[in-house]
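Structure, as C-alpha cells:
Since every read-out is calculated from the coordinates, none of them should be taken as a lab result. Worth saying up front: this structure is predicted, and the values here are computed from it rather than measured. For neighbour counting, all protein chains shown are included, and Cβ atoms are generated from backbone atoms with ideal geometry for every residue, glycine included.
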Amino acid sequence: MDYQISVKCEQLAEWYVRVKGIADAHHGHATGDHLKAIADEIHDMVPTEWWVSQPQPLDNRVRS
C-alpha cells in the first residue's frame, strides 16, 4: 500500500536536531557516522529558506 503523509518543516527540524545530537554523542564511532548521514538527509529535506529564517542554536558544550 502507498501512503501519502505530510510533515512540517518544524517536525523535520526537530528530528534533525535530535538525530544530530545522538550522532555527536557517538562521535568517532561507526554509529555516529551513520547517524550523522541520516541527520544530513533530514536537513536536506527542509528548504534552505526555512533554515535561514531560524535562529542559530545555542552551543552549550563545556570547553576547558
query = Using r as the Cβ-Cβ distance of Ala37 and Val7, and R0 as 22 Å, what FRET efficiency do you calculate, to the nearest 0.05?
reply = 0.70
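All other residues with a Cβ under 15 Å from the Cβ of Met45 taken together, and with Lys, Arg as +1 and Asp, Glu as -1, what is their net charge? The partial results should precede the final answer.
Working: positive: Lys8, Arg18, Lys20; negative: Glu10, Glu14, Asp40, Glu41, Asp44, Glu49.
Charge balance near Met45 sits at -3.
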task = Give a residue-ordered list of calculated ³J(HN,Hα) values for the range 9-14 (Karplus: 6.51 cos²θ - 1.76 cosθ + 1.60, θ = phi - 60°; whole Hz; x for Gly, Pro).
result = 4, 4, 5, 4, 5, 5
query = Once phi is turned into θ = phi - 60°, what whole-Hz ³J(HN,Hα) does the Karplus curve with 6.51, -1.76 and 1.60 give for every residue of the range 42-55, x standing for Gly and Pro?
reply = 5, 4, 5, 6, 8, x, 4, 4, 5, 4, 4, 7, 9, x
